[in-house]
Amino acid sequence: MFIDTHCHIDSYERHAGETFDALLARLPHDKDPAIKSPEAFIHVACDPADFNYARELSEKYSNVYAAYGIHPEYVETETSEDEAKMLELLKHPKCVACGEFGLDYHYGADTREAQTKLFERHLQLGLDSGKPLVLHLREADDDALAILGNAQLKGVNIHVHCFTGTREFAEHLLSLDANIFIGFTGIITFKNAANVREAAEIVPDGRLLLETDAPYMAPVPYRGKPCHSGYIPYIAKTLAETRNKPVEEIYRLCRENTRRCYGI
């Protein structure tokens, strides 16, 4: 059994041209027997325009949970009303985390200063909420570590989602005074992602999470197609091979880590 700890169901519907109901109906019966149906989904609403959809989705489906945050790509457009709505939804009974938020210098290098200020603010808002945090950290290692190192993180569950960094970055994150969990997506299956596999080798058993970031970065052999949560087995298989463990052990560990991180 597994939970997709990070997916964007609304974006999947747009990219794939398929409704969530249609996906659920075919997941256990897909032509590829490796594709499985998740036990549950954590739908991440990181665009304020998606907040209401996420709430409705989590209320409609018993196995869909929600996380609310504001992605760094909205650093120049987010409003005080967006923030107020996020804080309101963090109190919703089906909300399990604050995020994703963070830093992204891959696409936003020209807004670094604004991003760091927003990251500091949202980090404090997330800490004040008492929820687990979901961080988006891309090509911003030094600034991310500096900001996190100055925060009071003791006892806080933090999911560094869609890890794309180096082994050294993973080591630095894991040394923080927090309960750092690192999520691996379909990227771990990519031929050119040796750095991600090297990082996966050193993450402790108790800090691994499985996620898709659907609809993005579908694993091999579906790379380039809209990703969905049923592809988790391909991610788990590569993670198991990387760590020289039976895939059943990876499922067991990641399922327990999901419970410890998110309480589900």
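The values are calculated or read from the model by the stated rules, or taken from the named source; none is laboratory data. Just so we're clear, the structure is a prediction, and the values are computed from it rather than from any experiment. Cβ: placed from backbone, ideal geometry, glycine included. Neighbour counts: every protein chain shown. We work out accessible area using only protein heavy atoms, side chains counted, and drop any ligands, DNA or RNA first. Shrake-Rupley method; radii C 1.70, N 1.55, O 1.52, S 1.80 Å.
Summary of computed values
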quantity	calculated
Rounded accessible area of Val160 (nearest 10 Å², 1.4 Å probe)	0 Å²
Residues listed by number, segment 1-30, amide nitrogen under 18 Å from Lys60 label point at 7 Å toward C-beta	7-27
Anisotropy class of segment 85-130 from Cα gyration tensor, a/c 1.5 cut	prolate
Anisotropy class of segment 111-179 from Cα gyration tensor, a/c 1.5 cut	oblate
Trypsin sites (Lys or Arg not before Pro) lying in DSSP loop within segment 156-239, provided at most 13 other Cβ fall within 10 Å	Lys191
Added length on full extension, which subtracts the Cα-Cα distance from 0.36 nm per residue, Arg260 to Glu73	64.4 nm
Sequence-distant residues sharing a close amide H with His136 (under 5 Å, placed H)	Phe101, Gly102, Leu103
Hits among lysines - C-alpha to C-alpha of Lys94 under 25 Å, sequence gap 8 or more where chains match	Lys36, Lys60, Lys85, Lys131, Lys154
Amide H within-cut-off set for Phe181, under 5 Å, with H built and near neighbours excluded	Ile158, His159, Val160
Helix-only mean residue ellipticity at 222 nm for the chain, each DSSP H run of n ≥ 4 adding -39500 (n - 2.57), per residue, nearest 500	-12500 deg cm²/dmol
